[in-house]
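Input: a single structure, listed below in structure tokens.
Values in this text are rule-based calculations from the coordinates and carry no lab data. Here the structure is a predicted model, which is why all the values come from computation and not from measurement. Note that we place each Cβ from the backbone using ideal geometry, even for glycine, and neighbour counts take in every protein chain shown.
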Amino acid sequence: SVLSEGIEVFLKRLRRFPKNIRAMGICNILEAKMKEFQDSIPLFQDLKNDALRERHWKKLLELTGKNFEMNPDTFTLDQLFAMELHNFSEVIADITTSAPAVMATLR
């Protein structure tokens, strides 16, 4: 995906910095944040699944302890990042893999 390719380019550029720059604390923080974003990309794709219903989103909120307004017109990428979903990859995988299965049994 474009996001995956883009973050990989940024990580490669960061790794090419001189050692004295990479040793700086801010560089370590930046790399950690970029890796968190990279780890979140598959989660974004999973959460885009059309089989997810309101009950799945409520379950996600309950299990993660996060809260957000489920209005696609006002929900922002910044809010998505603030949820730190990379910390809940297993929970998200459980919900997003079960949703299509449930949808298939209802057909």
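For the chain, which longest stretch is free of loop sites, where a loop site is one of the chymotrypsin sites (Phe, Trp or Tyr not before Pro) that DSSP puts outside H, G, I, E and B and that has at most 16 other Cβ atoms within 10 Å? Numbers along the way, then the final one.
Numbers: sites that count: Phe68, Phe75.
Free of exposed loop sites, the longest segment is 1-67.
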| task | Report, ordered by chain and residue number, the lysines lying within cross-link reach of Lys58, taken as a straight Cα distance under 29 Å and ignoring same-chain residues fewer than 8 apart. | result | Lys33, Lys35, Lys48, Lys66
| said: Please list, by residue number, every one of the trypsin sites (Lys or Arg not before Pro) in region 29-62 that is coil in DSSP and has at most 15 other beta-carbon atoms within 10 Å. | reply: Lys48, Arg53
| Given the Cα-Cα distance of Ser1 and Phe75 and 0.36 nm per residue of separation, how much length would full extension add, in nm? | 24.5 nm
| remark: Listed by chain and number, the aspartates and glutamates with an alpha carbon less than 20 angstrom from that of Lys12, same-chain partners under 8 positions apart left out, are Glu31, Glu36, Asp39
